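The values are calculated or read from the model by the stated rules, or taken from the named source; none is laboratory data. No experiment lies behind these values; they were computed from the predicted model shown. With ideal geometry, Cβ positions are generated from the backbone for all residues, glycine too; neighbour counts draw on all protein chains shown.
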């Protein structure tokens, strides 16, 4: 499954995934504690989405948006 997420790095709420129903540009908002420095926030996004969907981290891949707050992510499910 491919989804678009909006990332909030450096958030005190994180790690947290909040699904969105009223925003057509993103399926979820991902709050992570890590700052957007040296890919730390991307690792936080992968970990948060893996925990939320109950899959191993190796099954979550960022397809687009490595340096953007809006990312396209693939989650490989069984």
Please work out which one of (1) surrounded by 13 or more Cβ atoms within 10 Å (Cβ to Cβ); (2) in a loop (DSSP other than H, G, I, E, B); (3) in contact with a strand residue (DSSP E or B) (Cβ under 6 Å, 6 or more places away or on another chain) is the condition residue 13 fails and give its number. (1)
Counting only residues that are assigned to a loop (DSSP other than H, G, I, E, B), touching a strand residue (DSSP E or B) at 6+ places or on another chain (Cβ under 9 Å) and either modelled with pLDDT under 95 or surrounded by fewer than 15 Cβ atoms within 10 Å (Cβ to Cβ) (or both), segment 34-64 contains a total of 1
Checking residue 78 against (1) exposed (fewer than 13 other Cβ atoms within 10 Å of the Cβ); (2) part of a helix (DSSP H, G or I), only one condition comes out false. Which one? (2)
Quick check, is residue 73 touching a helix residue (DSSP H, G or I) at 6+ places or on another chain (Cβ under 7 Å), modelled with pLDDT of 95 or more and outside any loop (DSSP other than H, G, I, E, B)? yes
Identify all residues within segment 20-42 that are over 15 Å from residue 70 (Cβ atoms) and out of contact with any helix residue (DSSP H, G or I) (no Cβ under 9 Å at 6 or more places or on another chain); write none if there are none. 21, 22, 37, 38, 39, 40
In contact with a helix residue (DSSP H, G or I) (Cβ under 9 Å, 6 or more places away or on another chain), in contact (Cβ under 8 Å) with a residue 24 or more places away in the chain and on the phi < 0 side of the Ramachandran plot, is that true of residue 45? no
